[in-house]
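The values are calculated or read from the model by the stated rules, or taken from the named source; none is laboratory data. Note that this is a predicted model, so its numbers are computed, not measured. All Cβ positions, even for glycine, are placed from backbone atoms using ideal geometry, and neighbour counts span all protein chains on display.
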Amino acid sequence: MYELLATLKGARNAVISTSFSPQARFIAAVGYGGISVWDLETYKNLPISSDNVYNHRNPDNVYTACAWLHFEHADRYLLIIGSQKGTLSTLNWDNETKSFEPSLQVPPEGSPHQVLSIDVYQAEVPLGRLARIAVATADNRATVYSLSPFGDLQEIFSSVVENFSLVAARFCKKNRDVYVFELNGGGISLLDAKTGNVKSTHKYGPDPMGTVCLDDSSKFFVACTGKDFEMFRLENIEHVQTFSGELPIVLFPKVATYAEDGSVLVVGTDRGHASIFNVSDGDKIQDLPYTTTGLVQSVAAITARDGFLVAIAGSTLHSRAEVLIFKKSHASLDKSRDNQAMDLLDAVAPRSTLQSYLLLIIGSFLVINGLYSLVLMCNSWVCLSSISYLNI
């Protein structure tokens, strides 16, 4: 089970998006109170050398999405943030000053439109590779950029999806194509990785889709449909599982994310907690309580060296927002799996009977192995005798 690891303070007002950096080095929370980043070794709120102004009435000071990149060879951590006004910005971790410094700022194309989602193809960028960033904006535009470790940003394509109320753009991890999802209408389109041209379209997705997440294999997606979270197979939009069932107090989209290598789903609620579900059967495993507001919109998850981490944050304007970190150790998961295996064996046979069977099997194996060795020795002796006789 998950246990509370840390309560991170410093975020102001509603948190809209949270994200763990690769290797669980940092966690960021963005929203109506600006940008907050914490070091997950010390749990300290880190300084940001930028115009991180608190003004929830200015759409360029309200941040709606964030994601991380880590360039492995340069050991460079980069936080990507999108604003309500449509500006895309990056903050670079400076290991000498121990602060985040502004590095890039991309204004919106044409009139301002809110950044709806940010996704990266690989959060860990290996040597010799460029990062890929997919951005969805409220003018139904999906834009994909490449980014070098030295900060060179290049636009690969920028496509307006016609007759589409875009809500999110997500990378297909198999081939770098981009899935785009429709808020209302159930539309799901696949855009070509190089051109942005539509390769295929489905019109049978859930309606509405408030938020969308994909699993690491890009075989399944989960959408917040208001009352529930629904999981579908991407290939044919086949319904796979329903999660939650709690009647929402307000029809406000909550975030869902896969965790524990895709075996569980973490979702936000407006009941003062986040919930964890088993992906295979849809059963609820645990509720993670929040400290202040009832609306827990944002959740994030990552697999760290010594366990699984989940972050949850509140989303109510004019109330303090804390980011809560919960942890489940790898050891507890292994123990749980061992217990499940023993329960299965016990269901097949009682423990004492099972031990007897095992001893009988081991004894039989030893006897058979001994007889086999004896036969080989006899055959060798016969062959040697025959050769000696022929030589005579």
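General observations
- The conditions of being surrounded by 15 or more Cβ atoms within 10 Å (Cβ to Cβ), at pLDDT 95 or above and not acidic (Asp, Glu) are not met by residue 296.
- The condition (being charged (D, E, K, R), exposed (fewer than 13 other Cβ atoms within 10 Å of the Cβ) and either more than 15 Å from residue 282 (Cβ to Cβ) or more than 18 Å from the chain's Cα centre (by Cα) (or both)) is satisfied by just one residue among 203, 219: 203.
- Pairs where the first residue, in the stretch 194-221, is in the same structural domain as residue 158 (by TED's automatic domain parsing) and within 19 Å of residue 144 (Cβ to Cβ) and the second is of a type in the set (Ser, Thr, Tyr) and surrounded by fewer than 20 Cβ atoms within 10 Å (Cβ to Cβ), C-beta under 9 Å, 6+ apart: 196/158
- Qualifying positions in the stretch 40-67 - under 18 Å from residue 116 (Cβ atoms) and modelled with pLDDT of 90 or more: 62, 63, 64, 65, 66, 67
- Residue list for the stretch 115-137, restricted to those being modelled with pLDDT under 95 and of a type in the set (A, V, I, L, M, F, W, C): 127
Residue by residue, here is whether (1) touching a His at 6+ places or on another chain (Cβ under 6 Å); (2) assigned to a loop (DSSP other than H, G, I, E, B); (3) at positive phi; (4) among the charged types (D, E, K, R) holds:
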| site | (1), (2), (3), (4) |
| --- | --- |
| 11 | no, yes, no, no |
| 38 | no, no, no, no |
| 41 | no, yes, no, yes |
| 60 | no, no, no, yes |
| 70 | no, no, no, no |
| 85 | no, yes, no, yes |
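- Test for residue 20: is it among the aromatic types (Phe, Trp, Tyr), touching a residue at least 40 places away in the same chain (Cβ under 8 Å), assigned by TED's automatic domain parsing to the domain that holds residue 171 and farther than 18 Å from residue 304 by Cβ: no
Rundown of residues vs (1) among the small types (Gly, Ala, Ser); (2) touching a residue at least 40 places away in the same chain (Cβ under 8 Å); (3) in the same structural domain as residue 217 (by TED's automatic domain parsing); (4) out of contact with any Asp or Glu (no Cβ under 9 Å at 6 or more places or on another chain), yes/no style:
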position	(1), (2), (3), (4)
107	no, no, yes, yes
131	yes, yes, yes, yes
140	no, no, yes, no
150	no, no, yes, yes
161	no, no, yes, no
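- If you go through the stretch 277-303 and keep only what is part of a loop (DSSP other than H, G, I, E, B) and polar (S, T, N, Q), you end up with 280, 291, 292, 293, 297.
- From 301, 313, residue being modelled with pLDDT of 90 or more, in contact with a strand residue (DSSP E or B) (Cβ under 7 Å, 6 or more places away or on another chain), of a type in the set (Gly, Ala, Ser) and farther than 23 Å from residue 218 by Cα: 313
- Inside the stretch 195-232, residues that are closer than 16 Å to residue 119 by Cβ and polar (S, T, N, Q) make up a count of 3.
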